[in-house]
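The values are calculated or read from the model by the stated rules, or taken from the named source; none is laboratory data. A quick note: this is a predicted structure, and the numbers were derived from the prediction, not measured. Don't worry about glycine lacking a Cβ; one is built from the backbone with ideal geometry, like all the others, and counts go over all protein chains shown.
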Amino acid sequence: MVEYIKLKKGLVPASLVKRFSAFLIDLIIVNLVVSLPFYNYLISLGSFSSVLKSNDMVLTILTFLIAFGLLFYFTILEWKMGQTLGKALFRLKVISSNGKELNFFQSFLSNVTVPFSIVLLVDVIYMFFKSGHQRLFEVFAGVLVVESKVVLK
Amino acid sequence: MKKWVFIVILLVLLYLVSLVVAFFAFNNNSKSFGDKIMIVPLEGAITTSGNGDLFGGSSGISSTEVVKLINDLNKDESVKGVVFEINSPGGTVVASQEIGDAIKKLNKTNYAVIREVGASGGYWIASATDKIYSSPMSITGSIGVLGSYLEFSGLFEKYGVDYEQLVSGKYKDTGTPFKDLDEDERRLLQSKINLIHEYFVKEVANNRGLTVEEVSKLATGEFYLGQEAVGLGLVDEFGDVDVAVENMKTELNLTKVDVQRHFKDIGLLDILGGRIFYAMGRGVGDSLVSYELSNNFEIRA
């Protein structure tokens, strides 16, 4: 499939460094936006270690909110624009490996592991062994992340 | 639609969802899945309403807020104990009494930890708890009542300004800054202060399991360092918040407990930053109201 894209569109798979950097930026942005209303509360918890030890309900709600906020963010932006903010900054684009336009289901399926850290880990480890650096669920969804000259307008 | 606009709209949407969830999460009484000990910081002057600041927060201790918080803690079954971390030189009498009374109604084990200072009204609050901890160097005690006001009559006289006020009761303008107190008025105000002092002494005696005579001897307004206060029965033990929490865990036989520091309840207005404008508006409003008051006599504990 990667070869097909290369041939047809002159695109190459995104490098791992760029993909991780883009993901990190998206992670930071979503965390900041979602956590902002909880700012005073997070400060009140004190040190990071006490945050990790806490069994507080608000913290649990916030964790879920961030996890599903990330899923929402990746799914919608990649479906509608083929890029998240992080990917746009690194000029990466998400495309369907069948050459057609990416649909909602593909976008959702490729990102469904984002809220679940253990599954995401397996999903990411798979990238290192797969040509084209596809995550496992990107293979399931038929999705590729490629270098792109397309930037946000 | 430009892509940047779409991203911004999506992020705003995420923020708004988080905002709404935060609003409901913070207004839920039960905030923990397990047992917890709450640390409630009480810092600053004690008043009934607190003081709105320009940064959208409320500085000082508002008895209205603290009493509400204590009522909420009473209803929260996951809260097993409360540690009040006090750093207050005192404040108004009614506000101190309101918080003291609320603490006595608290159906959880509760301790006070006096940090730098827990004097006068601050000590009143501490005395209402089950046990008081302090540093050997903390300032505590200062059991007494203070009545004060600024008096400008001399200044007015110097600049040839006369004070005229029509009043229907003899003591109606007692304590106005524009005229000197006469003997009668001085006696009247002193008698009120004495009454409050007696009440304060009785409260402390009752709270601390001391006799009124014992507390009266200490209630000269003198402040005591923590190391003196332990010997006088005003403080139980030396220790900071960590010591108090550990001792509370032992007393309650809690092995797995979440220790949380209370944060002020955050409303939508707070989150949106609207409190900044509210505080500014209230500051102006307060100034206008206080300008209208003819009597600025203030009694503090």
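Hey, does the range A:95-106 have a residue that's modelled with pLDDT of 90 or more, surrounded by fewer than 21 Cβ atoms within 10 Å (Cβ to Cβ) and assigned to a helix (DSSP H, G or I)? Yes, because at least one residue in the range A:95-106 is modelled with pLDDT of 90 or more, surrounded by fewer than 21 Cβ atoms within 10 Å (Cβ to Cβ) and assigned to a helix (DSSP H, G or I). Here B:Lys202 meets each of (1) without any contact (Cβ under 8 Å) to a residue 24 or more places away in the chain; (2) exposed (fewer than 13 other Cβ atoms within 10 Å of the Cβ) with one exception, condition (2). Being within 14 Å of chain B (Cβ to nearest Cβ), over 24 Å from B:Lys2 (Cβ atoms) and either touching a residue at least 40 places away in the same chain (Cβ under 8 Å) or under 15 Å from the mean Cα position of the chain (by Cα) (or both) is a property that holds for A:Ile66. Evaluate the range B:217-226: report whether one residue or more is surrounded by 14 or more Cβ atoms within 10 Å (Cβ to Cβ) and acidic (Asp, Glu). Within the range B:217-226, none of the residues are surrounded by 14 or more Cβ atoms within 10 Å (Cβ to Cβ) and acidic (Asp, Glu). Among the residues making up the range A:113-138, those that are outside any helix (DSSP H, G or I) and in contact with a strand residue (DSSP E or B) (Cβ under 9 Å, 6 or more places away or on another chain) are A:Ser131, A:Gly132, A:His133, A:Gln134, A:Arg135.
When the range A:97-134 is filtered for residues that are out of contact with any helix residue (DSSP H, G or I) (no Cβ under 9 Å at 6 or more places or on another chain) and among the aromatic types (Phe, Trp, Tyr), only A:Phe129 remains. Hey, among the residues in the range A:107-121 that are touching a residue at least 12 places away in the same chain (Cβ under 8 Å) and under 21 Å from A:Val17 (Cβ atoms), which one's surrounded by the fewest Cβ atoms within 10 Å (Cβ to Cβ)? Looking at residues that are touching a residue at least 12 places away in the same chain (Cβ under 8 Å) and under 21 Å from A:Val17 (Cβ atoms), I get A:Thr113. Among the residues of the range B:231-246, at least one is touching a residue at least 12 places away in the same chain (Cβ under 8 Å), hydrophobic (A, V, I, L, M, F, W, C) and in contact with an Asp or Glu (Cβ under 8 Å, 6 or more places away or on another chain).
For A:Lys53, are the conditions met, namely being farther than 27 Å from A:Arg135 by Cβ, more than 7 Å from every other protein chain (Cβ to nearest Cβ) and at pLDDT below 90? Spelling it out, A:Lys53 is indeed farther than 27 Å from A:Arg135 by Cβ, more than 7 Å from every other protein chain (Cβ to nearest Cβ) and at pLDDT below 90. Per the conditions (1) at pLDDT 90 or above; (2) within 11 Å of another protein chain (Cβ to nearest Cβ), the sole criterion not satisfied by B:Val21 is (1). Of all residues in the range B:162-181, those satisfying the criterion of being of a type in the set (S, T, N, Q) and surrounded by fewer than 16 Cβ atoms within 10 Å (Cβ to Cβ) are B:Gln165, B:Ser168.
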